[in-house]
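Student: Just passing along the structure, written as structure tokens.
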Amino acid sequence: MAGNEKNKATIIAHSGDMDKIYSALIVANGALAMGMEASIFFTFWGLQRLKKGGLDKGPLSKMNMFGLGKWMVKRKMKAANTASLERMLQDFVELGGKILACDMTMQIMGIKKEDLRDDLISDYCAVGTYVNEARESAITLFI
Amino acid sequence: MAEIKVDCKGETCPVPLVETRKALRKAEPGDIVEVIGTHPASKKEIPMAVKALGLELLELTEEGDTWRIRIRK
């Protein structure tokens, strides 16, 4: 691969909705699998999903119907043998993906490091880190 | 030279692609990774990943719904 070719994917996970966290992790894992570097910057509602035990606690972005819609979608996903969010997050880290946590969200929402899955987080940072990652990226998404 | 087998039968997006990448990362240069699966899109996409990674696609065979892809690292 050419040395100066952009070969990175940088994703902002702003939504904490279950289906959108799926999209973020699938794209990020796909990028790693295809030989790119990847990082996910978790901010606002997305950061809630990095709380201990919180990864699959988000609602569905549409037709959640107080959890009924989410329950139905989860059943369909199980029938289709879809990987769990936890498995995809573990794969992401195993393949060298970087998980970045937004420190301003932590401050605003009163989230402490010990509330989060610190072992998986490579950095606690702010917009400058995102921009620095994104400027070297061929793919950057806001989810 | 080792031969590493990855069974992704019944798995769906993005598992076959991710499991292939995980196996390729662990393999030594010269090793062969053989992936078996049933997810239709992965049959096209694993060869794309192999190309992007600059590796050698040795073989792609199909038997019914099952495909088998052999890659040399």
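Student: Just name the residue that is modelled with the lowest pLDDT out of those in the range A:49-94 that are assigned to a loop (DSSP other than H, G, I, E, B) and small (G, A, S).
Tutor: Our first condition is that a residue be assigned to a loop (DSSP other than H, G, I, E, B); within the range A:49-94, this holds for A:49-50, A:52-64, A:80-84.
Okay, now just the ones that are also small (G, A, S), so A:53-54, A:58, A:61, A:80, A:83-84.
Working: A:G53: 97, A:G54: 97, A:G58: 96, A:S61: 96, A:A80: 92, A:A83: 96, A:S84: 96.
Here the answer is A:A80.
Student: Can we say A:R117 is within 14 Å of the chain's Cα centre (by Cα) and among the basic types (K, R)? Outline the logic, then answer.
Tutor: On the way: within 14 Å of the chain's Cα centre (by Cα): yes; among the basic types (K, R): yes.
When the stated conditions are applied, A:R117 passes them.
Student: Condition first: surrounded by 14 or more Cβ atoms within 10 Å (Cβ to Cβ), assigned to a loop (DSSP other than H, G, I, E, B) and more than 12 Å from chain B (Cβ to nearest Cβ). Can you find one or more residues in the range A:27-34 that meet it? Lay out the reasoning, then the answer.
Tutor: Residues of the range A:27-34 that are surrounded by 14 or more Cβ atoms within 10 Å (Cβ to Cβ), as a first pass: A:27-34.
In the following step, the residues that additionally are assigned to a loop (DSSP other than H, G, I, E, B) were identified as A:34.
Keeping just the survivors that are more than 12 Å from chain B (Cβ to nearest Cβ) gives none.
The answer is no; no qualifying residue exists.
Student: May I ask you to list pairs of residues, at least six apart or on different chains, whose Cβ atoms are under 7 Å apart, with the first in the range A:79-95 being within 12 Å of A:I26 (Cα to Cα) and the second being among the small types (G, A, S)?
Tutor: Partner pairs satisfying both residue conditions: A:F92/A:A28.
Student: What's the total number of residues in the range B:21-40 that are out of contact with any Ser or Thr (no Cβ under 8 Å at 6 or more places or on another chain) and closer than 22 Å to A:E37 by Cα?
Tutor: Qualifying residue count for the region: 9.
Student: Since A:G46 meets every condition but one in (1) away from chain B (no Cβ under 14 Å); (2) surrounded by fewer than 16 Cβ atoms within 10 Å (Cβ to Cβ), which condition does it not meet?
Tutor: All conditions are met except number (2).
Student: Search the range A:125-139 for residues that are under 20 Å from A:L32 (Cα atoms) and pair each with any residue that is in a helix (DSSP H, G or I) when their beta-carbon atoms are under 8 Å apart and the residues are at least 6 apart or on different chains.
Tutor: A:I139/A:V27; A:I139/A:A31
Student: Pick from the range B:22-73 the residues that are farther than 21 Å from B:A2 by Cβ and crowded, with 18+ Cβ neighbours inside 10 Å: which of them is farthest from the other protein chains (Cβ to nearest Cβ)?
Tutor: Restricting to residues being farther than 21 Å from B:A2 by Cβ and crowded, with 18+ Cβ neighbours inside 10 Å, the top hit is B:W67.
The values are calculated or read from the model by the stated rules, or taken from the named source; none is laboratory data. Predicted model, so just to flag it, every value in this text is computed and none were measured. As a convention, Cβ positions derive from the backbone with ideal geometry for all residues, glycine included, and neighbour counts pool all protein chains shown.
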